[in-house]
Amino acid sequence: MKKTHPILAVIFIASLSSLSYEITIVRIFSISLWYHFAFMVISIAMLGIGASGTLLSVSPGLRNEQYIPFYALILGISIPVSYLLINIIPLEPARLSWDSVQIFYVSLYYILLAFPFFSFGMIIVTAFSTRKEHAGYIYGADLAGAGIGSILTLWLLSIGPPENIVFIISSVSMLSPVIIGKKRIKFLSFMLLAVNLAVLYLHPSFIIQRISPYKPLEMALRFPGAELIHTFHSPFSRVDIFKSPAVRFAPGLSFRYLEDLPEQTGMAIDAGDIYAVTDASHKDKLDFINYLPSSLPYELSRKNNILLLEPKGGLSVLTAEYYRGKNIYKVDSNPLVIKSINEYHGTFPADIYKKQTWSGLGRSWLMSNKKGFDLIDISLMGSMPSGIFGFSEDYRFTVEAFRRYLDSLDAEGFLSVDLFILPPPKTELRLVNTIAAAFEELGLKDFGNNIAAIRSWGTITLLVKKSVLSPEEIKIIKEFAKDKKFDLIYYPGITKEETNIHIRMPSYEYFDAFKSLINPETRQQFVHDYIFDIRPVYDENPFFHYYLKSRNIKDIYKLTGGKWQYFMEEGYLLPVIFIQVLSLSALLLFLPAIKFRRGNYPESLPRAVISLFYFAFLGIGFMFVEISFIQKMILPLENPSYAMAAVLSSMLISSGIGSILSQRSKLLKDNKVILLLAFIIFLYSLFMQSLMNLTHFHSLKIKIIAVFFLLMPAGIFMGIPFPTGLSVISSTNPELIPWAWAVNGCFSVLAPILAVMFALSAGFKMVIIAGVLMYLLAFFSLRKVRRGITFDRC
């Protein structure tokens, strides 16, 4: 028997490096480009891996075990080289709608970033082809390495910038050719290690990641006198502290205020959303707060217990302090924001987050802090208006979230939400509709007497009271708007003539829309007829900022001035990417088919097709379940990065264990194991959320450990079908192994995009059910292959 341990070590290291690089590039894309371009990385990685199977299908001479050290060396070299090359390509997503050369740059990104994953695929497919009898061990080493890589990357990203992590990952990758390579390969590996260490030590300017000049941070730093002061990093965020004339944050400030604002320091998150930290050292300069529309709830409510959600730069904290709030509680979903303000003292008094401050989702915090609040204040605003959210999940603004907010108010308490006016109206209307659904679930169908809204020149303040607004409170709202020259949008009993007075708009669209949405008799018809999708959003499909109605694309195109960029921002990048990867995948899968027709495979075509469908179903099923589990864990773990790290590490490591166990046990190779897997996943769809709710009152560490062990049973069984299928085809036609790998990889490319597109309309629970269906189809496919059923050729 050939010695296998060195090969398994190489696969483990290569898999660890590949997944670490994938996660790091996601982080780099989130900063340098936009969130939704980071989504492409999954497809790029799987395309590269699938392409390796295609090449080895049509060029069997490359399936030589002696080439594995060379493939490992190429992997180590291609990781830093691909990063450095994409870093100099001037890809600008903002120009996609008018600059056709950007499409070419996107293609270059695909090719360059796919190459490291292609090199990794060459390693593992060669190992599968030459050591078919050890498929379970090989797949186990692959999955275990990927699982450890996800944990390692989370730690690395917490200690330095992502460009440094690229060279650390490359250094780790260079350990694998040292294990089994000959002298020349080992020498080259040590040379690359030396180069990587030199780069990490010297940190030359050419490795610093390029940020799109269209991102708000870069635009703000182009102003005269602008200065980048300090940068903080975490596994899930980057925060930049800077000075710039562009930072002037007093959203909706009344035209009646004519004094200068206090000094403000900029704070950018992932070079995109910009917030401002206001110098509060001179109290006499804070009177501008009284002229902000967001101060209205403080004129109305008691000020004993105030909860501020997403305070970011802290203006809402200063507002609460200005109005002498007694107990001010602050909860922000980004812990790095709190850390950066607390740790950096160079340019502003950093005491806004010193007391009664927590990180996490406000709705989760409220589950363990049930005191009645006089005011819960939520801000949707940064220093620069931004409507770029698209298909990013947001559990802060679902029906379930608003139910939690309303439940946590005192009997006379207020919920206040502030947001920018970004025409055409979408966010504010969905907000009202979602709150209406929350009230309905609480037993109040008509909440028209519980809500009020005012408008400034650029913002809307929405007020919701748990009980009915009193005549005195309505009077205060009207006087506040009149005194500050704000416009009323809605209060109980308002007439059209009372609106659109001080800051006139061409029509009364806000009054008409709010009136129609608040009235339960007209609400459903208005939502149905409105050009955008403003239906209530639930936890099952938490895409609050996704508004497109497919049937209205032509009308939306006209409304937005004929700009396709809007569709990219709002989520239509998904089908564009899907078409791209579908075309590339079809090409990768077609090339081996040509060779099949020339008679290079002895097996019959029908049986081969069924075998390949089996691996396609596995690729789709695995990714559907994995992505749904990640989404389901964002809420209990309160952070997408924690959810991704916990789920990936659990599922990949446990799948690796399952694969190794299948190598040792003939019982686990039975077809019925896939049926059992489908049933287990179905049980997860029913009970997973309830089980995680039991951990709510525990610390984050306990929750992460709970997620890890909760998902292990599913992961163990999910690691069995792939090596089982390989063992079946290796006994009948081993030449199919690279093609099967390509099929699995290509369909794994399509699955994440399909999963999100499906979840946008049906929810992630249905995506899990679809994953169950894929595994059932895999069961029937494997059963047919094993029975050797033949079909008449057409």
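With all pairs of different alpha carbon atoms counted, what Kirkwood hydrodynamic radius in Å does the chain show?
About 28.2 Å for the chain.
Out of the total accessible area of the chain (probe 1.4 Å, heavy atoms of protein only), what percent is carbon and sulfur?
Reported share for carbon and sulfur atoms: 62 percent.
Helix 573-597: angle to the longest alpha-carbon principal axis of the chain, degrees 0 to 90, nearest 10?
10
I'm a student and want to see the number: the projected area of the Cα convex hull of region 719-778, averaged over all directions, in nm².
In nm², the orientation-averaged hull projection of region 719-778 is 4.5.
Report the calculated FRET efficiency for GLU472 and ALA411 (r = Cβ-Cβ distance, R0 = 22 Å), to the nearest 0.05.
Efficiency, from the Cβ-Cβ distance: 0.85.
Express as a percent, rounded to the nearest 5, the fraction of DSSP beta bridges in region 408-527 (both residues included) that run antiparallel.
95
Using just the alpha carbons, could you tell me how many Å³ per residue the convex hull of region 300-380 encloses?
Normalising the Cα hull of region 300-380 by residue number yields 91 Å³.
Could you provide, to the nearest whole Å², the per residue accessible area of the chain with probe 1.4 Å?
Values: 31340 Å² over 794 residues.
Heavy-atom accessible area per residue stands at 39 Å².
Could you give the dipole magnitude of region 695-794 about its Cα centre, charging the beta-carbon of Lys and Arg +1 and that of Asp and Glu -1, in debye to the nearest 20?
Approximately 240 debye in magnitude.
Where the only charges are on Cβ atoms (+1 Lys, Arg; -1 Asp, Glu), what is the dipole of the chain about its Cα centre, to the nearest 20 debye?
Numbers: 73 positive and 60 negative charges, 568 e Å.
Charge dipole of the chain: 2720 debye, to the nearest 20.
What is the sum of charges, Lys and Arg at +1 and Asp and Glu at -1, for the other residues whose Cβ falls under 13 Å from the Cβ of GLN356?
With Lys, Arg at +1 and Asp, Glu at -1, the neighbours total +2.
Cβ neighbours within 10 Å, averaged per peptide: list 645-651, 303-309 in order, most packed at the top.
645-651, 303-309
Given Cα pairs under 8 Å that are at least 6 residues apart, what percent is the relative contact order of the chain?
Dividing the mean separation by the residue count of the chain yields 16 percent.
Rg and Dmax of region 253-368, Cα atoms, in Å?
For region 253-368, the Cα radius of gyration and maximum Cα-Cα distance read 14.3, 44 Å.
How much net charge surrounds PRO177 when only the other residues with a Cβ under 12 Å from the Cβ of PRO177 are counted, with Lys and Arg +1 and Asp and Glu -1?
Residues close to PRO177 contribute a combined charge of +4.
To the nearest 10 degrees, how steeply does helix 737-762 sit against the main Cα axis of the chain, on a 0 to 90 scale?
Computed tilt is about 20 degrees.
Give me the angle, in degrees from 0 to 90, between the Cα long axis of helix 40-58 and the longest principal axis of the Cα atoms of the chain, rounded to the nearest 10.
10
Counting only other residues whose beta carbon sits under 13 Å from that of VAL399, what net charge do I get with K and R as +1, D and E as -1?
-1
Counting DSSP beta bridges with both partners in the chain, what percentage is antiparallel, nearest 5? Don't skip to the end; give the middle numbers.
Details: 32 of 51 bridges.
The answer is about 65 percent antiparallel.
The values are calculated or read from the model by the stated rules, or taken from the named source; none is laboratory data. This structure is a prediction, so every number in the text was calculated from the model and none was measured. With ideal geometry, Cβ positions are generated from the backbone for all residues, glycine too; neighbour counts draw on all protein chains shown. Remember, those area values only see protein heavy atoms, side chains included, never the ligands or the DNA or RNA. Shrake-Rupley method; radii C 1.70, N 1.55, O 1.52, S 1.80 Å.
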